[in-house]
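Notes to accompany the following structure.
The values are calculated or read from the model by the stated rules, or taken from the named source; none is laboratory data. In this text, all values refer to a predicted model and were calculated from it rather than measured experimentally. Don't worry about glycine lacking a Cβ; one is built from the backbone with ideal geometry, like all the others, and counts go over all protein chains shown.
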Amino acid sequence: MQKKIPLEKTVENLILGFLEASGYDAYKIPRVGVYDTKRKVYRMPKSRYLRKSVGHSDIVLLIKEPRHAVVFLEVKRPKVGRQSEEQKAFQYMIERNNGFYYIVDSIDRMIEILKDINVILEN
């Protein structure tokens, strides 16, 4: 019998719970459109600045030690999750500014990321 692949929301909650239990400060970036009361639907905001939030990572992780850092985490379903073009553009923006951006699909991957970040920050 084939093992069921967890939903992205499930993976996201596991990672947030793991980070919280490990003493890290991390938070989810909420993505909700603007509710149009006339049309009774959610729609994208008209502001060009708010539109830049499309593609933003799912989680922002704050690292205090050994040095301060902000880490952007994009959560994907194991084996089947793929980045959108907007998410790739956001990743490019973070990395071209020497920021930390990772795609995470499991607790094991999150542990690898934390080890990687600590090695980078210790140097």
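For the structure I just gave you, tell me whether residue 11 is modelled with pLDDT of 90 or more, within 21 Å of residue 119 (Cβ to Cβ) and either touching a Lys or Arg at 6+ places or on another chain (Cβ under 8 Å) or not in a loop (DSSP other than H, G, I, E, B) (or both).
When the stated conditions are applied, residue 11 does not pass them.
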Open item on the list: Being assigned to a loop (DSSP other than H, G, I, E, B), of a type outside the set (D, E, K, R) and under 12 Å from the mean Cα position of the chain (by Cα) is the filter here; which residues of segment 95-111 pass it?
Closed with: none
- [ ] State the number of residues belonging to segment 14-40 that are in a strand (DSSP E or B) and at pLDDT 85 or above.
- [x] 4
- [ ] Report, by residue number, each residue of segment 58-86 that is within 10 Å of the chain's Cα centre (by Cα) and either among the basic types (Lys, Arg) or over 22 Å from residue 118 (Cα atoms) (or both).
- [x] 76
Task: Residue in segment 63-79 that is surrounded by the most Cβ atoms within 10 Å (Cβ to Cβ), counting only those that are closer than 15 Å to residue 109 by Cα and out of contact with any strand residue (DSSP E or B) (no Cβ under 9 Å at 6 or more places or on another chain) - done: 77
TODO: Among the numbered conditions (1) exposed (fewer than 14 other Cβ atoms within 10 Å of the Cβ); (2) within 21 Å of residue 5 (Cα to Cα), tell me where residue 88 comes up short.
DONE: (2)
Task: Number of the exception - residue 46 against (1) in a loop (DSSP other than H, G, I, E, B); (2) modelled with pLDDT of 90 or more; (3) not hydrophobic (A, V, I, L, M, F, W, C) - done: (2)
- [ ] Would you confirm whether any residue within segment 53-62 is modelled with pLDDT under 90, crowded, with 16+ Cβ neighbours inside 10 Å, assigned to a loop (DSSP other than H, G, I, E, B) and on the phi > 0 side of the Ramachandran plot?
- [x] yes
Open item on the list: I'd like the residue in segment 96-110 that is under 26 Å from residue 7 (Cβ atoms) and not hydrophobic (A, V, I, L, M, F, W, C) and, out of all such residues, is surrounded by the fewest Cβ atoms within 10 Å (Cβ to Cβ).
Closed with: 108
Task: Members of segment 1-33 found to be more than 13 Å from residue 107 (Cβ to Cβ), surrounded by 12 or more Cβ atoms within 10 Å (Cβ to Cβ) and out of contact with any strand residue (DSSP E or B) (no Cβ under 7 Å at 6 or more places or on another chain), listed by number - done: 5
Open item on the list: Would you confirm, using the coordinates I've provided, whether residue 113 is touching an Asp or Glu at 6+ places or on another chain (Cβ under 6 Å), among the aliphatic types (A, V, I, L, M) and surrounded by 12 or more Cβ atoms within 10 Å (Cβ to Cβ)?
Closed with: no
